[in-house]
Amino acid sequence: MIIIYIESQKNSIKAKTLYAERYRNRCQPSRRTFKNVYYKWRQTGTLAFHNNERRKRVITKENEFNIFQNIIENANHYNEFHLYYLNIHQQISDTDFANRIEFCRWAQRKIQNKNSFFNLMLFSGEATFTNHESVNLIDGRSGVKRNVLRSTSTGSSTATPTPTHTPISGNSLADPLLSHSSFDGSDPLSQFAREELDPLSKMAADEWDYSCNVAAIGKKSRDTAEELVEPWSTRRTIILSKYTTLEKLSIVTSFLPGGEKVVKVQPSVGVVDKVRTRLEQLDDFEEGSVRQMLDLSQQQYTARIEQLNNELVQAWHSDQRVKALKIAIQCAKLLVDTSVMAFYPSKFVLITDTLDIFGKLVYERLKVKAEYYKPGSKVPTSLPDNFTPDMVPENAKETCRNWFYKISSIRELVPRLYVEMAIIKSYSFLTTSEFNTALLRITRMIRGIGNPLIAVYARCYLCRSLLEDVLSLCKDQANSSLLLNSVLTAFKPSYIAGRAIDFVNLIIAAEDDGFPQYILYRSLGECLVQESPLKEDCQSILNMIWKHITDLTKPNKFMHCVEVWIQFTAIHFSVNELNLFFGKIIDRLNPNKSFEHYYPQLQNIIEKVVSHTQDFESLLAMDNFLPLIDLFHKESIKVEVCKTIIEGLSAQTGPITDPIIINALMFIAKIMHDSVSALTVEDEKRQIGQLICALVQRVDYGRDFEKQLNFYAEARAVFPNLDTVHIQLVCVNRLSVDTRKIVRGHHTRRTSAFVRACAAFCFITIPSLTLVHTRLQLYLLSGQVALLNQCLGQADACFKAALSLVPEMPKTIDIDGRQKSSQPYLLSYLSNFLSTLLVVPDSPEHGVLYLMRGLLNAVQRCFEENTLTKTYLYLRVLDLLSTVVQENYPYHVDKVDSNDKLYGSDQKFISEVNKISSKIIEEILSQLKYLGSTDQLEKQVALALELFNCFVVRANLRDPQLAYMAVNLWNLCQRYDFVDSKVKMKMIAYMVQKSHHKEYEHFSDVLKKMLK
């Protein structure tokens, strides 16, 4: 403690907080203790304290009774206001019992002289209480129980008296002193003697068989409040996130450090006011004076409440029950402040959470104290969860009453109500009638709260305990429709679904109740779609509901009810019942175009049906589904409905083969497509296009490829404005590939005509696309597929179309939402194109390598002068040219003769290739000179190294000119230190290795020239 006090810079409040954080399981000292311990240590050098063995005061008949009588008689001179305060003691003396009996007889004489004597009497003190709303009777801390002569220690209590409130007038109630068994002039032992059996004998005679009670309670176990209503945690999260504020908040408490001290100035007046002041001082806690924290943000306020919550739990677990009660009282007092009204719901949630914890702690404490011993057993047995009051021992009941008597002593109404409601579950330890009586009393007391907001939330807190009795009230009371609707909306759907038939009958019986019956049916339907009723009850429920729905003549009531019950039908019944619902909706809304007023409800109906329907084919084939879609005359809503249907279809798997379903889906998809215009945003186009593409992918006619091609042709005509759909339609190429697989590459006249038709379909479809790079990619793909199916004319047409598009390629293209240069894309695309040209045979109608020449012309027009990308593309061309002169190409297309078969290493063909190669090399050397003249030396060296590698791998270095050029390129690379030495070593090692082969002996001469 001394070290922590020094660490806190001798601030006792900070020291207390730090100590509580480090040692949570220890008894927490007050802030004054830190200061006293520190100065004791400084002055004496020791922490040893003298043990003052002072004899405890023992209250005797003379001093106790005379004090009480003098106080009361003196106070009688001042407005007949009386005070009774019992001093605290730690042990029972032999005369205590007789003193109490004598006091009770004296009290009886006072009442006989004046009946209202105790109506104006205040009781205070922490001990066992008895409260009958008009009088508070207090025993001492001794723990003596009424009707039991027993001594217990109450070490958990502190020596601080408990503040009480002014008593309530009890004119309408019987005098509790006269009615209480302890005040009939006899002692408890005499009362036990008059009973047939003493408590121990009665306990031994009991069979301790609670099976009957447990079975009876088990029937009601499903009706507990926790199972009836939605979990509080769910609503709690919603409330805290919804009701927030930016205004400053404040907290008044005695259990948190910081803030300003609240000082109450009391005027100097008479004895009565002194008594009242004394009672008010009982609220001042030993932990420190009351402090007010101002200008707190919402987060700070929530953190402070959480700190109070932790303080309450710590106080309870350290056996400081009264401190825990006082924290609960102070938390409840915070609900009186409604200055920041927007935050009040969240404040209610935070504070009632603390009160709930307090109530749970009290309940668990009482349950532990209610442990009993079965006959012949020395092991205590806990109460079952569904216990009854007759199982609870008398000492536990007395402790339970003590808690309620303490709470009834709270002077202010709001905290008294909230704290009692927090532990209201503990009434189950007393008698079965206590609970209902307390609920009615608290309900009436809430009427005394003047602020309507505070009163409403107090009723809300009380309603958690009232829910179990509501349903019986609905059955017994007339005009209970409003109450029944509250049950349907507040109780858990599982509870409603288990009694669906009973609720339907209740709604039918409430037909002429004044509350709209269709709202009750809707509330019931909302519960049954969340939680399914018994399977055997579904048909009966729907029949009764259908009869009510068909009787609704007004469209607003009809739609309000149908909107929910059609979802119930979609979940539990087939499309036949849905078709009846759809027909009834069309018949009811068609007159006078009433459907125009119910577009949101109709849209909601479609969404619910689609989300719960597994058999889409039956749904689309029903008679009334598409006519229901036609009710949407507003285009924007109709498009959204169509999107919902297609999205629901996309969520399912499997092909669509039924022509009727395909036509229905094409009708729905066309509605979406026709909504696209020049003003439609790109995201909307993309979404509609993706939905239609998903539909096109699902349509599958199996092996009937011709019918599949006809569908694609029809789709191209129906959806002309969406590029994404046209791109998807180029999947016709898949039909060509599948056809080739089926015939294993040996086409018949029929299959050959079909694959040519597929190629023609693609060739016609691709030009309608907007983006150039997409057309380029699809032309190349279609040409490759046509070549695979031996359709040389169609392949040539696609390749020519692609080459004609290359100059039209824009400088930038959109890649992942960003504009980037198109040159890297072109380099990759044309490299792929070149690899395809290797296997494309030359046409007899054109010259040698006419497609190659066309590509080079397109490159000249596409790329600007001195562009490095064009130069690297020329290197790819050199690779191709070196390959086309080989006797056998590295790859072929099955059943397609490439140029290696057509020319067979003809010298004229090789001469033409050499001419093209010479022009390409000249272009590359020109680029090298340009890079050198513009001081782009690093790029020059990199390009020279690439060309040197090409020469080494592809060129015939026996030619002196080529060898000389290769050596010059190597020297250029060596001139500047831009090439990694490892790369150079690998290149030299490669040439040395090759030079050992007879075919590459000339590499030795080249190496000598390179290494000079």
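The values are calculated or read from the model by the stated rules, or taken from the named source; none is laboratory data. Computed from a predicted structure; not experimentally measured. With ideal geometry, Cβ positions are generated from the backbone for all residues, glycine too; neighbour counts draw on all protein chains shown. Surface accessibility is based on the protein's heavy atoms, side chains included, excluding ligands, DNA and RNA. Shrake-Rupley method; radii C 1.70, N 1.55, O 1.52, S 1.80 Å.
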Original post:
Say we look at region 289-324 and pick out the residues that are within 11 Å of Thr354 (Cα to Cα) and aliphatic (A, V, I, L, M); which of these is surrounded by the fewest Cβ atoms within 10 Å (Cβ to Cβ)?
Top reply: Val313
Original post:
Can you name the condition, by its number, that Gly854 falls short on among (1) open to solvent by 50 Å² or more (accessible area, probe 1.4 Å); (2) touching a residue at least 40 places away in the same chain (Cβ under 8 Å)?
Top reply: (1)
Original post:
Just wondering, is there one or more residues in region 667-686 that are in contact with a Lys or Arg (Cβ under 7 Å, 6 or more places away or on another chain), open to solvent by 40 Å² or more (accessible area, probe 1.4 Å) and farther than 19 Å from Lys638 by Cβ?
Top reply: no
**OP:** Look at region 3-41 and say how many of its residues are more than 21 Å from Phe255 (Cβ to Cβ) and either part of a loop (DSSP other than H, G, I, E, B) or open to solvent by less than 30 Å² (accessible area, probe 1.4 Å) (or both).
**Re:** 4
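Residues checked against (1) open to solvent by 40 Å² or more (accessible area, probe 1.4 Å); (2) in a helix (DSSP H, G or I); (3) within 22 Å of Lys608 (Cα to Cα):
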| site | (1), (2), (3) |
| --- | --- |
| Leu506 | no, yes, no |
| Ile519 | yes, yes, yes |
| Arg522 | yes, yes, yes |
| Gly525 | no, yes, yes |
Subject >> Members of region 2-24 that are of a type outside the set (A, V, I, L, M), without any contact (Cβ under 8 Å) to a residue 60 or more places away in the chain and under 22 Å from His317 (Cα atoms) >> reply: Tyr19, Glu21, Arg22, Tyr23
Subject >> Selected residue (only one of Ser408, Ser428, Ser433, Ser382 is polar (S, T, N, Q) and open to solvent by less than 20 Å² (accessible area, probe 1.4 Å)) >> reply: Ser408
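Yes/no matrix, rows are residues, columns are (1) under 19 Å from Ile605 (Cα atoms); (2) touching a His at 6+ places or on another chain (Cβ under 9 Å):
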position: Leu524; (1), (2): yes, no
position: Glu531; (1), (2): yes, no
position: Gln539; (1), (2): no, yes
position: Ile545; (1), (2): yes, no
position: Asp551; (1), (2): no, no
position: Val564; (1), (2): yes, no
position: His572; (1), (2): yes, no
position: Glu577; (1), (2): yes, no
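Conditions (1) at pLDDT 90 or above; (2) touching a Pro at 6+ places or on another chain (Cβ under 8 Å); (3) not in a loop (DSSP other than H, G, I, E, B), marked per residue:
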| position | (1), (2), (3) |
| --- | --- |
| Ser611 | no, no, yes |
| Gln614 | no, no, no |
| Leu619 | no, no, yes |
| Ile637 | yes, no, yes |
| Val641 | yes, no, yes |
| Leu649 | no, no, yes |
| Gly654 | no, no, no |
| Leu665 | yes, no, yes |
**OP:** Find all pairs meeting these conditions: Cβ atoms under 8 angstrom apart; at least six residues apart or on different chains; first residue within region 974-1003 and touching a residue at least 24 places away in the same chain (Cβ under 8 Å) and farther than 12 Å from Val952 by Cβ; second residue surrounded by 10 or more Cβ atoms within 10 Å (Cβ to Cβ) and acidic (Asp, Glu).
**Re:** Tyr976/Glu938; Phe978/Glu938
**OP:** Scan region 954-963 residue by residue and report those that are within 13 Å of His1002 (Cα to Cα) and in contact (Cβ under 8 Å) with a residue 24 or more places away in the chain.
**Re:** Ala955, Leu957, Arg958, Ala963
Subject >> All positions within region 796-849 that are open to solvent by less than 20 Å² (accessible area, probe 1.4 Å) and either touching a Cys at 6+ places or on another chain (Cβ under 8 Å) or β-branched (Val, Ile, Thr) (or both) >> reply: Cys798, Val806, Met809, Ile813, Leu826, Thr836, Val839, Val840
Original post:
Do we find that Leu695 is in a helix (DSSP H, G or I) and either open to solvent by 10 Å² or more (accessible area, probe 1.4 Å) or touching a residue at least 12 places away in the same chain (Cβ under 8 Å) (or both) in this structure?
Top reply: yes
**OP:** State yes or no: is Ile423 open to solvent by less than 40 Å² (accessible area, probe 1.4 Å), touching a His at 6+ places or on another chain (Cβ under 9 Å), at pLDDT 85 or above and under 16 Å from Ala324 (Cα atoms)?
**Re:** no
**OP:** Tell me which of these Glu887 doesn't satisfy, since it passes every other one: (1) of a type in the set (Asp, Glu); (2) modelled with pLDDT under 90; (3) farther than 21 Å from Lys800 by Cβ; (4) out of contact with any helix residue (DSSP H, G or I) (no Cβ under 8 Å at 6 or more places or on another chain).
**Re:** (4)
**OP:** Take region 231-270 and flag every residue that is assigned to a loop (DSSP other than H, G, I, E, B) and modelled with pLDDT of 80 or more.
**Re:** Tyr243, Thr244, Thr245, Leu246, Glu247, Lys248
Original post:
Which of (1) under 16 Å from Asn402 (Cβ atoms); (2) crowded, with 22+ Cβ neighbours inside 10 Å is the odd one out, the single condition Ala332 does not satisfy?
Top reply: (1)
Subject >> Matching residues, region 768-791, being open to solvent by 60 Å² or more (accessible area, probe 1.4 Å) and not in a helix (DSSP H, G or I) >> reply: Thr770, Leu771, Gln790
